[in-house]
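Here, each number is a calculation from the coordinates, and none is a lab measurement. Treat the numbers as computed from the prediction; the structure is a model and nothing was measured. When we count neighbours, we look across all protein chains shown, and the Cβ atoms used for this are built from the backbone with ideal geometry, even at glycine.
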Amino acid sequence: MVIRLKKLLSVLLGIVLILLGSVFLLHAMLTANTDTSAKRAQVSAPARQIDPARPMIALTFDDGPYTPVTGRILDALQTVNGRATFFVVGSRIDGREEILKRIADSGCELGNHTYDHVTLRGMRESEIRAQLEKAEEKIFSVTGQKTTVLRPPGGMYDASLFTLCDQPIVLWTIDTMDWKHQKKEISVQRVLEQAKDGDIVLMHDLFFPTAEAAEELIAELTDRGFQLVTVTELLTYRPETESIHVR
Ligand SMILES: [Zn+2]
């Protein structure tokens with residue numbers, strides 16, 4: 001009787017162990033699946049090849065993010081698998097974390113445009129450093145990415161900026177003046193009548209006419225054979241570009 005009970009117990013124990021094992025295995029499989037799909041979602045931008053022999057242009061957007069405008073620009077870029085550079089203002093990020101992450105995940109480039117959008121020219125070095133670091137920390141805390149380029153607000157800076165920052169300082173070759181006129185047609189015309197290989201276009205992802213202009217320009221420039229690249233890509237393939245100042 002005792003032997004039979006022992007046998008029964010060991011069989012029961014065996015069943016329990018098998019069940020526990022299956023649950024563990026199932027859980028492990030499900031977790032593995034979730035991990036993979038999360039990773040896949042993060043690398044959402046499809047691969048692309050830049051042809052150095054073909055013309056390229058860098059669209060740049062300052063002063064954002066602003067979800068409804070930045071989102072439309074990203075949508076338009078996605079349809080042609082193009083990239084752009086977004087010079088982000090640190091103080092504008094709170095409440096707009098999702099769109100900032102989307103910029104980062106889309107393969108577009110993140111640039112530093114200070115924390116409070118202040119003029120760096122004439123500013124004390126400690127203040128400049130604080131502005132750049134605060135913006136950098138904010139962007140990194142949301143996206144896990146560091147900025148690769150810097151654009152001083154208004155394009156104004158002293159030579160001392162080169163000693164404070166080792167990033168390329170990026171200006172522009174075509175200024176749409178979109179913030180001033182806020183008219184889609186004017187921005188589109190200014191770019192299309194000047195656009196040439198190696199240009200850097202300045203726009204601001206704060207205004208709806210800029211979103212409309214960007215949508216039209218992204219389609220039209222692509223039709224005209226331009227590759228839409230980030231500033232860093234432009235610097236790689238067109239190092240002679242005059243509007244990027246490297247220490
Ligand atoms: Zn600005």
- Added length on full extension, which subtracts the Cα-Cα distance from 0.36 nm per residue, Lys180 to Arg121: 19.0 nm
- Message: Need one number: nm distance between label points at Lys7 and Glu133, each 7 Å from Cα along Cα→Cβ, rounded to one decimal.
- Response: 7.6 nm
- Message: How large is the direction-averaged shadow of the alpha-carbon convex hull of the range 56-245, in nm²?
- Response: 9.6 nm²
- Per the 1/(1 + (r/R0)^6) rule, R0 = 25 Å and r from the Cβ atoms of Asp166 and Gln194, FRET efficiency to 0.05 is 0.20
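Extension gain Glu97-Arg224, at 0.36 nm per residue separation less the Cα-Cα distance, in nm?
42.3 nm
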- Message: Taking θ = phi - 60°, what integer Hz values does the Karplus form 6.51 cos²θ - 1.76 cosθ + 1.60 yield along the range 80-87, in sequence order, with x for Gly and Pro?
- Response: 10, 6, x, 10, 8, 10, 10, 8
- Message: Could you check the spin-label model distance between Asp158 and Ile50? Points 7 Å from the Cα along Cα→Cβ, value in nm.
- Response: 3.3 nm
